[in-house]
Amino acid sequence: MGSFATNYEEIAAVLLFVIGMSNLVFQPNLLKKIIGLDIMDAAVYLFLAAKGYIEGRTAPIVVDGILDASHYINPVPAGLVLTGIVVSVSVSALMMALTVCLYREYHTLNIDEIMMKLRKEED
Amino acid sequence: MSKKNPNYQNSFADKFTRWVKGDYDPIEGQMEMNAPDKEVFGDERIRYVHLHIVKSNNYSERMFEEGLAKNVRRFTGLYKIFGVIVSVFIACLLLWTVSFLPEFGDPNAPENNEVAARYIEQGLNETGAVNIVTGMILDYRAFDTFGESCVLFVASCCVLILLRVDKDEDPESRAIEDMNDRHYEPRNDTILQKVADFLVPLMIIFGIYVVLNGHISPGGGFSGGAIIGSGLILYLTAYGFEKTQRFMNEKVVKALTVGALTFYCFAKSYSFYTGANHLHSIITPGTPGNILSAGLIVYLNICVGIVVACTMYSFYTLFRKGGI
Amino acid sequence: MTELRIILLVFLLVCAIAVSFSKNLLISVVIYMAFSLIMAIVWLLLESPDLAITEAAVGAGVTSILFFVTLKKIRSIKTTAEEDIDE
């Protein structure tokens, strides 16, 4: 229970994840679902990068030739998140292309109406 | 007992509420908000028939049939209740897990182990990069970066498949796309062009600087490529498609992307091969702090930057026009 | 410094909740752009300048531009379809 007093980033990341997930599940509008997925991605990256921070140390760029490991923060999570941010934009772009194709076909952005029209077409 | 304001429409509370909801625009009427009239375009309109319009007019009546509506309403209610229960459960579970985590910024946490210590202590000597994170993702873990560039390339191909309208096969759809694109487009807008004259060279030079200095200062291929892509998008928005396609058309984008990925693959394969078989490779770390140091990292940064810039640019043009 | 961190994280939560409650799609995208920008500042407070530059260029730049272009395409398809119905 003691971590609640200092781990603000992790608490915020968890809450953002749940808010993004409820956006993805409850909103009938397709574009808002995409924004919800983006918020979930950002929450995961915030959690991961907060694990790499060490109190009192500085960014992992070598200054003054100091090569001591107790002088810099952990660089491994930063490398993982860097790849993740760019993959997140690719996923968003692909989902938006699918949304445009769906809109051209059914002329609505409401997922409930699209499912109804699909069922009508199958009958 | 409530006093109703007879002049509620003009009161501050009503305007504020409508502004939050999105109905009320405080500067409406002073800015051009609507699409330009059709007479501005001048050329003859192309007649076409949207087949789906005729069908969709009857759907709103047909959707509210008796049997289907009751099932749908029951399913929607159950879905919402279960959704709320699952969300609250996941939130509580994750918060309970957070309470067991080590404290924020603890140097004795389990993830600060010998891997991070090795990367920091030996990073400068083995890779030659002053920026430890860039040295890590482009030298120790270069395979992951290659996979990520491939993800960008595949996403660009998928968006191409979904949104592309080919001129040779389907001239009617091509005409429809061009007509759709001309709505809301500023034609030779003076403000946009003057701002683009000033900003686009700055953005492209800054992007090239960030890419080339990826191993000395923060930055690298991804952010530099995104900045160059944004500069190209601004140029395209200000000047239109004819001028941009003089130097950035389909052949150029294809050649740049494929060439950059192939060079990355061969360069890093050579490095892996010589390292695994303990052969002597011709690539040296160099003196740290120079631009042409750190072995292959500068060239790999340039490749990644080119792939990211072309991908961002092609996303934008595929959405706007249906072609590159 | 702790107060600044708490204020920025509360701003992130408020932005995320505001996105789900706004009815206008354009306003949702602008709020998402602000969310990305504050996220870039949070990366800087966590001592990762690489992530801050990348998030500012990619999140608040390219993703928001793609959202605006999608909205434009949807509205232009809707506008041409409505003109066709009228005629």
Take every residue in peptide C:30-37, count the Cβ atoms of other chains within 10 Å of its Cβ, and give the average of those counts. 2
Note to self, chain A gives a 222 nm [θ] from helices alone (DSSP H runs n ≥ 4, -39500 (n - 2.57) apiece, / all residues, nearest 500) of -23500 deg cm²/dmol
Electrostatic dipole magnitude of chain A [Cβ: Lys, Arg +1; Asp, Glu -1; Cα centre; debye, to 20]: 180 debye
Quick check on my link table: of B:15/B:80; B:194/C:72; A:33/B:194; B:15/C:73; A:33/C:72; B:167/B:194, which ones sit more than 28 Å apart, alpha carbon to alpha carbon? B:15/B:80; A:33/B:194; B:15/C:73; B:167/B:194
What does the highest-first list of C:58-70, B:9-21 look like by mean Cβ count within 10 Å? C:58-70, B:9-21
Under-5 Å amide H pairs with residue B:214, H placed in peptide plane, nonlocal only: B:220
For the protein assembly as shown, what percent of Cα pairs sit more than 37 Å apart? 40 percent
Chain C: C-alpha gyration tensor shape, a/c 1.5 cut-off, then a/b vs b/c: oblate
How many angstrom separate the Cα center of region C:3-60 from the Cα center of region B:236-276? 31 Å
How would you rank B:80-91, B:204-215, C:43-54, highest first, on the average number of other Cβ atoms within 10 Å across their residues? C:43-54, B:204-215, B:80-91
Decide, for region B:120-273, between rounded, prolate and oblate: order the square roots of the alpha carbon gyration tensor eigenvalues as a ≥ b ≥ c, take rounded if a/c falls under 1.5, and otherwise choose prolate if a/b is larger than b/c, else oblate. oblate
Whole-Hz ³J(HN,Hα) for each residue in region B:87-99, computed from phi via Karplus 6.51 cos²θ - 1.76 cosθ + 1.60 with θ = phi - 60°, x for glycine and proline: what do you get? 5, 5, 5, 5, 5, 5, 4, 5, 5, 5, 5, 4, 5
Cα centre as origin, Lys/Arg/Asp/Glu Cβ charges: region C:2-86 dipole, Debye: 100 debye
Mind listing the long-range amide H neighbours of residue A:54? Cut-off is under 5 Å, sequence gap 5 or more, other chains count too, H placed in the peptide plane at 1.01 Å from N. A:74
Can you put B:106, B:168, B:189 in order, fewest other beta carbons within 10 Å first? B:168, B:189, B:106
Can you give me the C-alpha center-to-center distance between region A:4-38 and region B:84-139, rounded to a whole angstrom? 21 Å
Mean Cβ neighbour count within 10 Å, used as a protection proxy, ranking A:16-28, B:134-146 highest first: B:134-146, A:16-28
Angle, helix C:2-21 long axis vs. longest principal axis of chain C, Cα atoms, 0 to 90°, nearest 10? 20 degrees
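Only the coordinates and a few stated rules stand behind these numbers; no lab work does. Not measured: the values here are computed from a predicted model. Please note: Cβ atoms are built from the backbone with ideal geometry, for glycine as well, and neighbour counts cover all protein chains shown.
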